[in-house]
Amino acid sequence: MTTPDTHRSWTTHAEREGAEQASIREVLLAAFPTSLEADLVEALRADPEAWLPDLSVVAVAEDGTVAGYSLLTRCHVGGVPALALGPCAVRPEHQSQGAGTAAIRAGLDAARQRGENLVVVLGHADYYPRFGFDRASRFGITATFEVPDENLMALALDPTAPVPRGPLRYAPAFGV
Ligand SMILES: CC(C)(COP(=O)(O)OP(=O)(O)OC[C@H]1O[C@@H](n2cnc3c(N)ncnc32)[C@H](O)[C@@H]1OP(=O)(O)O)[C@@H](O)C(=O)NCCC(=O)NCCS
């Protein structure tokens with residue numbers, strides 16, 4: 001899928017084994033101050049209960065550079081399976097050119113096509129609402145760790161389906 005943008009267009013696809021996984025690590029190392037997020041993605045990839053291969057999505061530039069990344073993994077809300085979005089990252093030199101939006105939208109579209117519904121994200125309160133995320137507390141979702149209310153957000157992909165409520169439990173690799 002190619003997403004037009006005011007700056008450039010990005011091609012998105014589910015991660016491919018091999019060199020592309022190394023590129024994803026490079027994107028994460030470039031976008032975050034430490035290797036925490038890069039190591040987290042590798043730990044999640046090794047957890048078959050958390051990892052959903054088609055929901056690990058890259059945004060690729062026209063020259064083939066992996067510029068952006070978005071990940072959805074299995075979590076639970078009130079004991080019901082849901083998805084956790086993150087880490088999301090874009091190489092600094094490609095930020096604010098639509099790569100993050102392209103990767104995240106492609107991941108959410110793939111999740112919707114799988115019949116998934118609830119997605120939660122812990123992140124910037126001024127970035128994720130553009131995808132439809134709202135405060136998780138408004139859904140009756142609670143964190144078992146300290147987090148400002150505005151930073152824990154949730155999105156229901158299927159407005160006709162019931163949305164689980166209750167405590168959020170991330171995959172063990174998140175360590176929360
Ligand atoms: C956050 C991130 C994934 C966004 O991807 P991106 O490709 O740069 O962003 P897009 O081009 O899709 O969207 C641009 C918009 O995002 C906003 N944005 C970018 N980084 C942001 C940040 N750290 N916090 C809030 N908003 C941010 C821009 O201001 C811009 O807003 P506008 O559309 O209102 O002008 C990327 O900037 C990044 O990797 N940042 C460093 C790592 C990080 O913070 N990851 C997210 C953890 S929650």
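Every read-out reported here was derived from the displayed coordinates using simple, explicitly stated rules and does not represent laboratory data. Computed from a predicted model, the values in this text were never measured in an experiment. Cβ atoms come from the backbone with ideal geometry, glycine included; neighbour counts cover every protein chain shown.
Below, the figures for the structure above:
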item	result
Student exercise, region 46-171 dipole from Lys, Arg, Asp, Glu Cβ charges, in Debye to nearest 20	320 debye
Compactness relative to 2.2 N^0.38 Å, alpha carbon Rg of region 70-176	1.02
Extension gain, VAL147 back to GLU93 (0.36 nm per residue minus Cα-Cα distance, nm)	16.5 nm
Theoretical ellipticity at 222 nm over the chain - DSSP helices of four or more residues, -39500 (n - 2.57) apiece, nearest 500	-7000 deg cm²/dmol
Simple label model, 7 Å out from Cα along Cβ direction - ASP134 to ASP47, nm	2.9 nm
Estimated dipole of region 2-68 in Debye, rounded to 20 [Cβ of Lys and Arg +1, of Asp and Glu -1, Cα centre]	160 debye
Whole-number D in µm²/s for region 93-141 (Stokes-Einstein; Kirkwood sum over Cα pairs; 25 °C, 0.890 mPa s)	202 µm²/s
Estimated inter-spin distance, ALA14 and ALA125, nm [label 7 Å along Cα→Cβ]	3.6 nm
Angle in degrees between helix 99-113 and the longest Cα principal axis of the chain, rounded to the nearest 10	50 degrees
